[in-house]
1. Tell me whether segment 104-127 contains one or more residues that are closer than 30 Å to LYS201 by Cβ, open to solvent by less than 60 Å² (accessible area, probe 1.4 Å), out of contact with any His (no Cβ under 6 Å at 6 or more places or on another chain) and part of a helix (DSSP H, G or I).
2. Give the residue that is nearest to VAL120 (Cα to Cα), with candidates limited to residues of segment 54-63 that are within 23 Å of the chain's Cα centre (by Cα) and open to solvent by less than 50 Å² (accessible area, probe 1.4 Å).
3. Select, from ILE159, ILE165, the only residue that is closer than 19 Å to ASP9 by Cα, at pLDDT 95 or above and surrounded by 11 or more Cβ atoms within 10 Å (Cβ to Cβ).
4. Applying the selection to segment 1-41, what residues are crowded, with 16+ Cβ neighbours inside 10 Å, farther than 21 Å from LYS190 by Cα and among the hydrophobic types (A, V, I, L, M, F, W, C)?
5. Name the pairs whose Cβ atoms lie under 8 Å apart, with the first residue in segment 95-121 and over 24 Å from ASP41 (Cα atoms), the second basic (Lys, Arg), and 6 or more positions between them or separate chains?
6. Take the conditions open to solvent by less than 40 Å² (accessible area, probe 1.4 Å), among the small types (Gly, Ala, Ser) and assigned to a loop (DSSP other than H, G, I, E, B) and apply them to SER78. Does it pass?
7. If you check every pair at least six apart or on different chains, which have Cβ atoms under 6 Å apart with a residue in segment 3-31 that is at pLDDT below 95 first and a residue that is β-branched (Val, Ile, Thr) second?
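The values are calculated or read from the model by the stated rules, or taken from the named source; none is laboratory data. Nothing here was measured: the structure is a model prediction, and the numbers come from that model. Neighbour counts run over all protein chains shown; Cβ positions are idealised from the backbone, glycine included. Side chains are part of the model used for accessible areas, which takes the heavy atoms of the whole protein and leaves out ligands, DNA and RNA. Shrake-Rupley method; radii C 1.70, N 1.55, O 1.52, S 1.80 Å.
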Amino acid sequence: MKTIVINADPKKSGSTAQLMKCAVKGVESADSEVEYVDLYDFDLSGCTVCQICKNDEEICKCYLKDEVSPLIERILSSDCLLVGAPIFFSYPSSHYLALLERLIYCIVSYKTGNKFKGKVNVGLFYTTNYPKKYFEEKIRPHLKKSEDLLKMLNGDVEIHAFHKISNVERASASEDKLKSKEEQFKKDLKKVFDICAELSK
């Protein structure tokens, strides 16, 4: 088994990164080979619609000559993809969306639809400052179309949202509330560990 773990947050030590580093431990507990990627280390652009990937009905490959194309090849040859994506202005980070755009576009045939024959399980973990109820009612419905694209990887797809402590909240919250939030984050780390261990089996 091979698993790719991606932190799609600009911060390398923030809440998203902590969750994804816990994901790595979950993967390792399942004896799966793991690769960890900080996506913002990449000079990443979205799809340029060169359409070279449409010339072959069998090959699923992005032909843009940059360091992201090899990452896409590794994802498509893996057994599991785990991504942590922060929510900015009601949408996941721009790097995550650019990666998703290129990953999915190169497996789509104009003639037959999805030409990807492999199977990649996916875990997508949002981190957000929005209150849980507001996120589920007002934000999550807008994300469904991009989430549904992950089903084209033919595996199991699990999507979860985790509600981190914002800097504003940290500055104004009571000590008891901060302690409660920190305890919840510990539970979130355990949940991510368990989910990722299962998806990587």
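1. Among the residues of segment 104-127, at least one is closer than 30 Å to LYS201 by Cβ, open to solvent by less than 60 Å² (accessible area, probe 1.4 Å), out of contact with any His (no Cβ under 6 Å at 6 or more places or on another chain) and part of a helix (DSSP H, G or I), which makes the answer yes.
2. Top of the filtered list is CYS60.
3. ILE159
4. Once the filter is applied, which keeps residues that are crowded, with 16+ Cβ neighbours inside 10 Å, farther than 21 Å from LYS190 by Cα and among the hydrophobic types (A, V, I, L, M, F, W, C), segment 1-41 yields only LEU39.
5. So the pair list comes out as ILE107/LYS115; VAL108/LYS115; SER109/LYS54; SER109/LYS115; TYR110/LYS54.
6. yes
7. Every condition considered, the pairs that remain are SER15/THR127.
Let's see how each residue does on (1) among the β-branched types (Val, Ile, Thr); (2) within 12 Å of the chain's Cα centre (by Cα):
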residue	(1), (2)
CYS80	no, yes
VAL83	yes, yes
PHE88	no, no
TYR96	no, yes
LEU100	no, yes
TYR110	no, no
GLY118	no, no
TYR126	no, yes
PHE135	no, no
